[in-house]
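Readers should treat all values here as calculations from the given coordinates under stated rules, not as data from a laboratory. On a predicted model such as this, the values are computed, not experimentally measured, just so you know. Here the Cβ positions follow ideal geometry from the backbone for every residue, glycine too, while neighbour counts run over all protein chains shown.
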Amino acid sequence: MTAPVPPRDPRLQTRGLLKMVAIALAAFAFSFSLIPLYRIACEKVLGIRLERAAVNEAVAARPAQGRMVTVLFDGGVNSKLPWQFKPDQMTMQVRVGEPYDATYTATNKATRAIVGSAVPSVAPARASGYFSKTECFCFTAQTLQAGETRPMPVRFIVDPALPDDVNTITLSYTFFKNDALSAQLPGQGPGTRAAP
């Protein structure tokens, strides 16, 4: 004969539920704060200017000198994200101080909608303070429906103050799956089985 199970205290169940809700809200808030935190880190810590006003000020202060540099483009995805992501052009000759547009293309290979967030990097690292993105798909999370292909443009400008010995700059993006935002999509709730 087994011992009777004591009844559960409803206060403990309520506390547990409140803790789970608090954790979910904290995760939700954290996912939405990533982009502003990224901008703050780039501008205050790394000295990378992301806003259009900063770029316009730099251009007005330093007129284009006619110098040309090569920009290489690279793109990839984290292994958890079933997307294909690549630049539409591998290289571009640009004149410092002038705005240029480049395009990447992303395709969702999954059978469901997924949200991805892109993390950019500029190499060499000392050129990152002179490479400004005025418009970029990386500023916000991107949602691609199942099988959807979408062009992802970026507008950039190379500061004329770029050191003379830097003649090639590589702009690279890596897309990561945004689990928190993907879980909020219709049909992606806790009771839904996630397909790859």
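For this structure, a couple of remarks:
- Amide N proximity, the range 131-174 versus Thr105 label position 7 Å along Cα-to-Cβ, cut-off under 16 Å: 147-154
- Asp88 versus Phe139: modelled label distance in nm, points set 7 Å from Cα along the beta carbon direction: 1.9 nm
- Residue pairs, from the table Lys80/Lys133; Lys109/Lys177; Lys19/Lys177; Lys109/Lys133, whose Cα atoms sit over 21 Å apart: Lys80/Lys133; Lys19/Lys177; Lys109/Lys133
- Integer Hz, Karplus 6.51/-1.76/1.60 couplings in order for the range 79-93, x for Gly and Pro: 4, 7, 9, x, 10, 10, 9, 7, x, 7, 10, 8, 8, 8, 8
- Put a dot 7 Å past the Cα of Asp74, heading toward its Cβ, do the same for Thr170, and the two dots end up 0.2 nm apart.
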